[in-house]
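Worksheet: the structure to be examined is printed underneath.
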Amino acid sequence: MSTDSDQRVIVEIKHHVAHVKLNRPDKMNALDDAMFEGIIAAGEQLKQDKSVRAVVLSGEGRAFCAGLDMSNFAGMAEGSRADQSAADEISSKAKGKPGGRLEKRTHGLANRPQFSSWVWREVPVPVIVAMHGVAFGGGCQISVGADMRYAAPGTKISIMEMKWGLVPDMGATPFLQKLVGDDIARELTYTNRIILAEEAKSLGLVTKVCDDPLAEAMKTAREIAKRNPDAIRAAKRLLNAAPFQSAADILLAESIEQDQLIGYPNQVEAVKANLEQRAPVYK
């Protein structure tokens with residue numbers, strides 16, 4: 001991808017680490033159509049890039065992401081979107097199809113807004129979000145789709161949708177209760193209260209609070225990039241699947257993944273490098 005200043009999302013890859021930057025600083029990286037498209041395009045690009053071993057996702061300017069662009073809410077206040085959704089639903093149901101346009105699955109199991117969060121689970125390597133300023137609404141939900149979340153002290157975080165009479169619908173629901181527990185997930189959703197990074201860390205919504213979350217996220221990503229890339233990808237598959245599988249299924253999945261690692265070149269190289277006390281060179 002190019003790095004033009006008017007491009008919503010910038011992807012830079014160096015030493016097997018991809019840095020994905022939300023690039024709408026004048027709007028605190030608020031989510032408009034172009035931002036959704038850019039986020040999804042970046043995720044799809046990295047899903048196919050076998051040279052990438054870790055990803056860092058950050059926001060340019062004074063915030064990670066302020067959530068949905070305010071112009072969308074102005075349209076809702078005028079009733080335009082609700083009227084259109086109702087018309088879509090009536091038309092679709094008359095044809096024996098699912099109602100409202102958000103029900104349409106445009107990206108596998110998700111619609112487009114949901115996929116801007118879910119795509120980071122489909123990226124086969126670890127994804128670390130570096131947050132600062134605010135992570136409101138959709139910004140918070142995108143972060144929940146990543147493997148880890150590093151936040152600057154005082155970062156403001158909110159599952160903001162209830163403020164606008166909505167429910168969180170950008171992919172946080174499958175993960176939120178597993179991060180913070182059922183009762184906390186409900187409280188944060190029902191009240192849409194704003195919490196700071198320090199409280200978010202104590203609740204489990206943030207992995208680490210650090211003065212420079214981008215530097216810390218890049219440091220972790222570089223450490224991950226030194227590991228057997230086959231094992232890292234296998235571990236992500238296991239961790240993605242574990243919450244949705246039975247104990248028997250996940251134990252079998254562990255064994256299947258391990259059988260595809262033991263004795264293969266990158267695993268052998270990991271052992272040799274450790275024994276020889278040198279940096280590994282993976283294929």
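Read-outs throughout are calculated quantities, based only on the coordinates presented, and are distinct from any laboratory measurement. This is a predicted model, so every value here is computed, not measured. Please note: Cβ atoms are built from the backbone with ideal geometry, for glycine as well, and neighbour counts cover all protein chains shown.
Residue 153: net charge of surrounding residues, Cβ under 9 Å, Lys/Arg +1, Asp/Glu -1, itself excluded? Combined, the nearby Lys, Arg, Asp and Glu give -2.
Sequence-distant contacts, meaning Cα pairs under 8 Å at least 6 residues apart, place the relative contact order of the chain at 16 percent.
Please give the net charge around residue 242, taking every other residue with its beta carbon less than 12 angstrom from that of residue 242, where Lys and Arg add +1 and Asp and Glu add -1.
Around residue 242, the charge tally is 0.
Helix 229-241 and the longest principal axis of the C-alpha atoms of the chain enclose an angle of approximately 40°. Helix 182-191 sits at what angle to the longest principal axis of the chain, using alpha carbons and giving 0 to 90 degrees rounded to 10? Around 40 degrees separate the two axes.
GNM on the chain, alpha-carbon springs under 10 angstrom: the most fluctuating residue among 159, 250, 194 is 250.
Note on residue 219: lysines with a C-alpha under 25 Å away, same-chain residues under 8 apart excluded, are 14, 21, 47, 50, 156, 201, 208, 236, 272, 283. Computed over neighbours whose Cβ is under 9 Å from that of residue 129, the net charge equals 0, Lys and Arg +1, Asp and Glu -1. Report, in degrees rounded to the nearest 10, the 0 to 90 angle that the Cα long axis of helix 112-122 makes with the longest principal axis of the chain. Approximately 10 degrees, to the nearest 10. For the residues 24, 233, 186, a GNM of the chain with alpha-carbon springs under 10 Å puts the largest fluctuation on 186.
Note on the chain: with charges restricted to the Cβ of Lys and Arg (+1) and Asp and Glu (-1), its dipole about the Cα centre is near 420 debye.
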